[in-house]
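Trainee: Pasting a structure below so you can have a look.
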Amino acid sequence: MEKRRAYVLLWKWASSSSSFSSRTLSNHRTLFSRSSDSGSTFNRGRRFTSLSPYTQQQRQNFQQSHNILIDSRVLHQATSFLRSSTLQVRFYGSAPVERIPSFSEINSKDIGYFKSILGENNVIQDQDRLQPANTDWMHKYQGSSKLMLLPRSTEEVSHIMRYCNSRHLAIVPQGGNTGLVGGSVPVFDEVIVNMSQMNKIISFDKVSGILVCEAGCILENLESYTDNEGFVMPLDLGAKGSCQIGGNVSTNAGGLRLVRYGSLHGNVLGIEAVLADGTVMDMLGTLRKDNTGYDLKHLFIGSEGSLGIVTKVSLLTPPKLSATNVAFLACNDYLSCQKLLIEARRKLGEVLSAFEFLDSYAMNVVLNNLEGVRNPLPPAVHNFYVLIETTGSDESYDREKLETFLFRLMESGLILDGVVAQDINQVSSFWRIREGIPEALMKSGAVYKYDLSLPLEKMYDLVDEMRARLGHPVKVVGYGHLGDSNLHLNITSPKYDDDILAQIEPFVYEWTSKHRGSISAEHGIGLMKANKIYYSKSPEAVQLMVSIKKMMDPNGILNPYKVLPHSLSANN
C-alpha cells in the first residue's frame, strides 16, 4: 500500500508541476601436468593452476510534505502504475521525459487497419502479453504501450510504417528485448513492432560463408545453424539465447569475440531496412567489396532503430576452427592483467580469440549468487582473473603453444595461478563465470550499470576511484572485454538510492570524457544516455546526427526519446 501511495502521490506531483514542461537534463617446453576437477594444473614448486539541485530539492520537498520516501526504483516504476494514456511525464533516474505532443494515440480505427494487414493473431492488445514487451530486462524501464504488432514480412513492416507515419503514431522496434539502456521498450504509449515472427534463414553460401537471414532470427539459433555448416557466428553474447540479429545489428553489439573477428561494421555485408515513410531500402548485398558511393548500411548499424527498422541482414561468418583452448588465470593486480594482454597479443596473436578480465568483487558475486558455480582456483579468491581463449586448426600445436606461453609467464610471476580446461564441460564452466556476472549482479540487489570504452592503462583507475568515492555498503564491480578496452562498471547496493546515484552521475561520465573514452562501448545510448551523448560526441557531431534523423524521419516517430538529447528530439 505504501508503494501504491507513492505512485499516486508522485503522479499528482508530476501532473501539477509546471516547472517540468521546459526542463531537460542536459562497462617451448614440455610441462608436467596433472588433472583436477577444474582442468589441468602445472607445477613449479607451487600450483600453476547526477541529479540537478532543482530536481533533488523538489523531490525532497515532496517526500517531506507527504511523509514518504521515493527512491530511484520507485521513480522508475511509478508512472507505469497508472496506465492512463494521458500521462505526459515520466521519470527515469533524475531526468523527466515529456511525451511529444504531436504524437497521436491509438484508436479503434487504427486497430482495425492493423488487423486487416496482419491478421487478428498478430495484433496484440492483451495486457499479459504486453507487460513483458513494455518492460526491459532489468525492470528499470517500463512503458505503457497498448499495442504490439507482429509483422511476418518486409511488406507488412512497410505497411505499418507508412500508416503510422501518416497518423503520427510513434513506434518502438523490438527484437529480443535484452538491452540494458532502455532502447527497446516504449517510454509512453508507442506502438511496439516486434520482429520475432521474421525468423527465417534465407540463404547460406557454403563457399564464402555468407549468411542471409531475417532480423528476428535468435542469435543462438544462427550459431547452431552455422556450426552445423562448419562456420561460426562472429558475434557471441551472454544473451544469445534471446537476442535477435536485427537488434544486434541495430545496437552494433560487441560481445566476446570482437578481439578476434571485429565489430559488426566489418562483418555485416548488407541490410534491408524500412524507413519511417514505409520505403524499403534494399542494401542486402553479399559482396566483400562494393565501393560505389556512400555505404549507407552503416547508418543503420548502431542507430538503435531510430532511422529505420532492419528487416534482413547479410553477414560474413568465418570458418569453424577445430581447436579451442580456454585458460582461467589469476593475477595480483590490474597492471599484471595489462602486461598479460600485451604478451598474449605478441605470442598468441594468430589464435587469440577472447581476452576477458574480472576482479575479485565480480568473482565473489558469481560464487555467492549462481548455483553450481565453483572457483576454478580454490581455495583463495585472487585480486584479478583473466580468461584467455584460443581458437586454431591444430589441437596439439595450439595447446602446446598456450601451455608454453603460460609456463613462461608463471615463471616470471605475472600469473599467480591458473588452470587450462580439459574438456568441453570445463570450457563451459569457465565461461559460465564470466557470462554469469550480469545475472549474479541482478540477484545481489540494486545495480547501476555502465558500459565504457577507456584507454587500457586507465580503465581500472575508474573502478578504484568509484570505490573510494562511494564507500560501504556499496560494492563496485569491474569486469569486461580487456582485449578491446571495454569496461563494465557495475555498482550494487541493497536498494536504489538517489544519494548513491548523485555520487555516481555525472562523475562517471565526466571521468570518461576527461580521459577521452566513450560512455557507450557496446550497449548503446537508448533512453538512459540520450542526454549524456555530449560527453562522447561534440555538439557539431550531435547536430549532424539530428539533421540525419530529421531528413530520414521527419515526424520523429521511430524510437523517440532515444539516442539523441531529448531537447533536440522534441524540437525536431
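Trainee: Filter segment 408-444 down to residues that are in contact with a strand residue (DSSP E or B) (Cβ under 6 Å, 6 or more places away or on another chain) and open to solvent by 30 Å² or more (accessible area, probe 1.4 Å) and give me whichever is farthest from residue 386 (Cα to Cα).
Mentor: It comes out as 444.
Trainee: A further question follows. I'd like the residue in segment 206-217 that is part of a loop (DSSP other than H, G, I, E, B) and within 22 Å of the chain's Cα centre (by Cα) and, out of all such residues, is farthest from residue 242 (Cα to Cα).
Mentor: Here the residue is 215.
Trainee: Any idea which of 250, 196, 203 is hydroxyl-bearing (Ser, Thr, Tyr) and part of a strand (DSSP E or B)?
Mentor: 203
Trainee: Another question, then. What are the pairs with Cβ atoms under 9 angstrom where one residue, in segment 368-380, is hydrophobic (A, V, I, L, M, F, W, C) and the other, located anywhere, is in a loop (DSSP other than H, G, I, E, B)? Sequence gap at least six, or different chains.
Mentor: Correct list of pairs: 370/436; 373/436; 377/38; 377/49; 377/416.
Trainee: Please list, ordered by residue number, the strands (runs of 3 or more DSSP E) wholly in segment 82-191 having 2 or more residues that are modelled with pLDDT of 95 or more and not hydroxyl-bearing (Ser, Thr, Tyr).
Mentor: 171-174
Trainee: Specify which of the listed residues (348, 370) is open to solvent by less than 30 Å² (accessible area, probe 1.4 Å) and modelled with pLDDT under 95.
Mentor: The conditions single out 348.
Trainee: Taking residue 250 as the residue in question, decide whether it is more than 27 Å from the chain's Cα centre (by Cα), farther than 17 Å from residue 486 by Cβ and buried (at least 17 other Cβ atoms within 10 Å of the Cβ).
Mentor: No: the conditions fail for residue 250.
This table checks each residue for (1) within 22 Å of the chain's Cα centre (by Cα); (2) in a helix (DSSP H, G or I).
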{"residue": "432", "(1), (2)": "yes, yes"}
{"residue": "442", "(1), (2)": "yes, yes"}
{"residue": "459", "(1), (2)": "yes, yes"}
{"residue": "462", "(1), (2)": "yes, yes"}
{"residue": "469", "(1), (2)": "no, yes"}
{"residue": "483", "(1), (2)": "yes, yes"}
{"residue": "489", "(1), (2)": "yes, no"}
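Trainee: Another question about this same structure. Hey, can you tell me all the residues within segment 144-155 that are in contact with an Asp or Glu (Cβ under 7 Å, 6 or more places away or on another chain) and of a type outside the set (Lys, Arg)?
Mentor: 144, 145, 154
Trainee: Checking residue 135 against (1) open to solvent by less than 10 Å² (accessible area, probe 1.4 Å); (2) out of contact with any Cys (no Cβ under 9 Å at 6 or more places or on another chain); (3) closer than 30 Å to residue 447 by Cα, which single condition isn't satisfied?
Mentor: If we test residue 135 against (1) open to solvent by less than 10 Å² (accessible area, probe 1.4 Å); (2) out of contact with any Cys (no Cβ under 9 Å at 6 or more places or on another chain); (3) closer than 30 Å to residue 447 by Cα, just (1) comes out false.
Trainee: Okay, moving on. Taking residue 203, is it open to solvent by 50 Å² or more (accessible area, probe 1.4 Å) and either of a type outside the set (D, E, K, R) or closer than 24 Å to residue 520 by Cα (or both)?
Mentor: yes
Trainee: Look through 562, 537 and report the one residue that is outside any helix (DSSP H, G or I), within 30 Å of residue 192 (Cα to Cα) and open to solvent by 50 Å² or more (accessible area, probe 1.4 Å).
Mentor: Sole residue among the options that is outside any helix (DSSP H, G or I), within 30 Å of residue 192 (Cα to Cα) and open to solvent by 50 Å² or more (accessible area, probe 1.4 Å): 537.
Trainee: Can you work out which of the residues in segment 502-526 that are of a type outside the set (Gly, Ala, Ser) and in contact with a strand residue (DSSP E or B) (Cβ under 7 Å, 6 or more places away or on another chain) is surrounded by the fewest Cβ atoms within 10 Å (Cβ to Cβ)?
Mentor: Only one residue fits best here, namely 504.
Trainee: I would also like to ask the following. Can you find a residue in segment 296-304 that is more than 21 Å from residue 219 (Cβ to Cβ) and aromatic (Phe, Trp, Tyr)?
Mentor: No.
Trainee: Keeping to segment 540-559, report how many residues are under 18 Å from residue 520 (Cα atoms) and open to solvent by 40 Å² or more (accessible area, probe 1.4 Å).
Mentor: 1
Trainee: Take segment 253-282 and flag every residue that is assigned to a strand (DSSP E or B) and open to solvent by less than 40 Å² (accessible area, probe 1.4 Å).
Mentor: 268, 269, 270, 271, 272, 273, 274
Trainee: Ok, one more. Looking only at segment 445-457, filter to residues that are touching a His at 6+ places or on another chain (Cβ under 8 Å) and assigned to a loop (DSSP other than H, G, I, E, B); which one of those is least open to solvent (accessible area, probe 1.4 Å)?
Mentor: 454
Trainee: Within 21 Å of the chain's Cα centre (by Cα) and over 24 Å from residue 137 (Cβ atoms): is that true of residue 416 in this structure?
Mentor: No.
Trainee: Of all the residues that make up segment 478-501, how many are open to solvent by less than 10 Å² (accessible area, probe 1.4 Å), out of contact with any Asp or Glu (no Cβ under 7 Å at 6 or more places or on another chain) and of a type in the set (A, V, I, L, M)?
Mentor: Within segment 478-501, residues that are open to solvent by less than 10 Å² (accessible area, probe 1.4 Å), out of contact with any Asp or Glu (no Cβ under 7 Å at 6 or more places or on another chain) and of a type in the set (A, V, I, L, M) number 3.
Trainee: Next question. Return the total of residues in segment 303-335 being out of contact with any Phe, Trp or Tyr (no Cβ under 7 Å at 6 or more places or on another chain), buried (at least 20 other Cβ atoms within 10 Å of the Cβ) and not in a strand (DSSP E or B).
Mentor: Residues meeting the conditions: 4.
Trainee: Any residue at all in segment 366-387 that is part of a strand (DSSP E or B), under 27 Å from residue 439 (Cβ atoms) and in contact with a His (Cβ under 6 Å, 6 or more places away or on another chain)?
Mentor: No, every residue in segment 366-387 fails to be part of a strand (DSSP E or B), under 27 Å from residue 439 (Cβ atoms) and in contact with a His (Cβ under 6 Å, 6 or more places away or on another chain).
The values are calculated or read from the model by the stated rules, or taken from the named source; none is laboratory data. Please read all numbers here as calculations on a predicted model, not as lab measurements. Positions of Cβ are backbone-derived with ideal geometry, glycine not excepted, and every protein chain shown enters the neighbour counts. With ligands, DNA and RNA removed, areas are computed over all heavy atoms of the protein, side chains included. Shrake-Rupley method; radii C 1.70, N 1.55, O 1.52, S 1.80 Å.
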